[in-house]
1. Report every pair of residues separated by at least 6 positions or lying on different chains whose Cβ atoms are under 7 Å apart, first residue within the range 364-382 and under 20 Å from S101 (Cβ atoms), second surrounded by fewer than 24 Cβ atoms within 10 Å (Cβ to Cβ) and of a type in the set (G, A, S).
2. Restricting to strands (runs of 3 or more DSSP E) lying wholly in the range 209-279: which have 1 or more residues that are basic (K, R) and in contact with a strand residue (DSSP E or B) (Cβ under 7 Å, 6 or more places away or on another chain)?
3. Any residue that is among the aliphatic types (A, V, I, L, M), within 30 Å of A104 (Cα to Cα) and crowded, with 22+ Cβ neighbours inside 10 Å - is there at least one of those in the range 229-246?
4. Can you name the residue in the range 247-261 that is crowded, with 16+ Cβ neighbours inside 10 Å and more than 18 Å from the chain's Cα centre (by Cα) and is also nearest to F186 (Cα to Cα) among such residues?
5. Identify, by number, the condition in (1) in contact with a helix residue (DSSP H, G or I) (Cβ under 6 Å, 6 or more places away or on another chain); (2) within 22 Å of E225 (Cα to Cα); (3) surrounded by fewer than 16 Cβ atoms within 10 Å (Cβ to Cβ) that T160 doesn't meet.
6. Residues of the range 190-208 being surrounded by fewer than 24 Cβ atoms within 10 Å (Cβ to Cβ) and within 21 Å of the chain's Cα centre (by Cα), which ones?
7. As an exercise: evaluate F186 against (1) outside any loop (DSSP other than H, G, I, E, B); (2) farther than 26 Å from N78 by Cβ; (3) touching a Gly at 6+ places or on another chain (Cβ under 6 Å) and give the number of the one condition it does not meet.
8. If we scan the range 96-119, do we find a residue that is of a type in the set (A, V, I, L, M), part of a loop (DSSP other than H, G, I, E, B) and within 28 Å of Q190 (Cβ to Cβ)?
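The values are calculated or read from the model by the stated rules, or taken from the named source; none is laboratory data. All values reported here derive from a predicted model rather than from experimental measurement. Because the Cβ atoms are built from the backbone with ideal geometry, glycine has one as well, and the counts that use them run over all protein chains shown.
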Amino acid sequence: MSYGGEIKKQAKVVTVAVHAARFTRSSGRAIMASSRRRMIAVAGTAAVGLTAALAGPAPSASAAITYPQPAITVAGGNTVIAVQTPKDGLYFFWNQYGTTSWQAEQVAASGTTFSAPTIAADGSSVIIAAQGANNSLMFYWQQDGATGWNPETVAGSGTTFSAPSIVANDGSANIVAEGPSNSLDFYWQQNNTTTWHPETVATGNSTFSAPSIAANDGSANVVAEGPDNSLDFYWQQNGTTPWNREVVAGYETTFSAPSVTANDGSANIVAQGPANPTGLPNDLDFYWQQNGHTGWNPEIVAGSDVVSRPAIVAENGGVDVVAPRTSDALWNYEEANGSSVWQAQAVDTGIGDPEGAVGSPASVTDNNGSENIAVFDATGNLVFYWRDSSGAFWKETII
């Protein structure tokens, strides 16, 4: 029984000390700078906290990815994680900074959540979005120190056809998701209001993956896989209405949903790439662009064997990229700003199985200079890693 112990067979609801918020609207613009690197300093020990809260059937050895991607961020100084359950519910886990004990809360009941969730901190609250029943888009928020989650319908039936991505942006919440007919949709809500405002970022036949969004220097930046495995970038300045499109990489370059982050006056993107010239599958590709400039700068982070959507975070004057590989390991790559050299480190060499199956794509965030990672392993355990100031990763099994 895993997939998190089937979310611990209804893990009991616990009060959290960090959560949700409300919003204003987003905007965007093209950004990017050179890559970056990080290091870490975290408190706590490597251990287990709460026992199985998410289990399901064991994955088949032939499946590269079996479980939905967990979402991770930091709120009120604590690491928080959201996950879709095996019965299509939504759960929230949090950890008091410096401890190894994880608490669980049910955000939404079974039969409500039909994608991997996305999570962000917004002031003194936590905000979560996920695809709801009948291809709707749902939003949940909780104020710090409060109990119970507040649900809102962002968009009704037949509107949402991917996992969404959420960000807090200048007093508002911004959400992007793939819409009908492979379109790309954006929603924003001003803090302390209840109205969601929809916008079409790109019309039909434009978007072929779950998108990713970042707030960047007074704008919203969005990336998605485009037609014929291309990579597209969209930006909008806050307070304006047009969306601006740029092609980051052309046809047959991009073979996963991409991820984007803002980094020191630039936009940074990662995605799974094509087979390399020697025939090995799936490069890990990185692109950056300085704010206010045009043209994208490509780099190959790793030469082969990336098996899922990579995750990215800016930290400590650099950037960190996390991805599972077919070597049965979870890898971390980091690059200092202004450098073109990627440093590779195995986070965990036993997260996969001998057939190369990996539980889920990983998610990554920064907590007080420490890289924090959430992922499902090949047996369905929800696993958390944190990096200390020496650069070593420590592991905790949440469920």
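1. N368/A41; S370/A41; N381/S2
2. Working: elements: 212-215, 219-226, 230-237, 244-249, 259-262, 266-272.
By residue number, 244-249.
3. Of the range 229-246, the ones among the aliphatic types (A, V, I, L, M) are 231.
Subset that is within 30 Å of A104 (Cα to Cα): none.
There is no residue in the range 229-246 that is among the aliphatic types (A, V, I, L, M), within 30 Å of A104 (Cα to Cα) and crowded, with 22+ Cβ neighbours inside 10 Å.
4. First, the residues of the range 247-261 that are crowded, with 16+ Cβ neighbours inside 10 Å: 248-249, 253-261.
With the extra rule that they be more than 18 Å from the chain's Cα centre (by Cα), the set shrinks to 248-249, 253.
Working: V248: 20, A249: 22, T253: 25 Å.
Looking at the filtered set, the residue picked out is V248.
5. (3) is the only condition that T160 fails.
6. Within the range 190-208, the first condition is being surrounded by fewer than 24 Cβ atoms within 10 Å (Cβ to Cβ), and the residues that meet it are 190-200, 202-206, 208.
Within the range 190-208, just F208 meets the criteria.
7. (3)
8. Looking only at the range 96-119, we keep the residues that are of a type in the set (A, V, I, L, M), and these are 104, 107-109, 116, 119.
Cutting the leftovers down to part of a loop (DSSP other than H, G, I, E, B) gives us 109, 116.
After this cut, where a residue has to be within 28 Å of Q190 (Cβ to Cβ) as well, the list is 116.
For the range 96-119, residues of a type in the set (A, V, I, L, M), part of a loop (DSSP other than H, G, I, E, B) and within 28 Å of Q190 (Cβ to Cβ): present.
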